[in-house]
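Written out below as structure tokens is the structure these notes cover.
Each reported figure results from applying straightforward, stated rules to the coordinates on display, with no laboratory input. These figures come from a predicted structure and were not determined experimentally. Ideal geometry is used to build each Cβ from the backbone, glycine not excepted, and the neighbour counts take in all protein chains shown.
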């Protein structure tokens with residue numbers, strides 16, 4: 001009986017040893033594969049760092065601001081015509097999302113200019129053309145007013161940036177003829 005118990009223990013220990021050897025072999029193979037992958041990734045990274053970095057620039061006639069390019073049209077048209085022209089250029093009407101951008105545009109425009117802001121979907125709910133809500137506001141005094149209380153100016157669902165002190169925003173009829181500001185993100 002004692003001999004049988006010893007043989008059983010030996011057999012069990014031999015099986016356990018063989019399982020451990022197999023696990024060790026498998027882990028060694030996985031380690032070698034990970035080392036090979038790490039070596040390849042390191043070479044790829046070093047190779048990409050040696051490629052000269054391309055300097056991002058704006059097309060001719062566009063002005064750089066941060067990571068965007070701005071284009072001021074020479075033509076005038078409705079808000080929708082301005083937006084379509086921007087899209088044809090691979091851009092869209094400008095979304096003003098910082099005080100610095102507002103200041104930059106203020107120094108760039110020479111007359112009232114369309115921006116990518118409207119309340120066409122729901123009166124009084126102003127949104128940028130990319131769907132973001134308005135967080136910074138540069139509305140002129142008593143604006144937006146949707147044409148005023150008399151309705152004299154009709155429905156005013158599109159915004160433009162005005163020339164003058166601080167270049168305030170104003171809402172006007174989307175059919176009004178104004179130049180527009182396009183924005184392309186680099």
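Below is a table of values for the structure above.
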item: Counting DSSP beta bridges with both ends in segment 60-186, the antiparallel % (nearest 5); result: 90
item: Sites residue 57 and residue 177 - FRET efficiency at Förster radius 30 Å, r taken between beta-carbons, to 0.05; result: 0.45
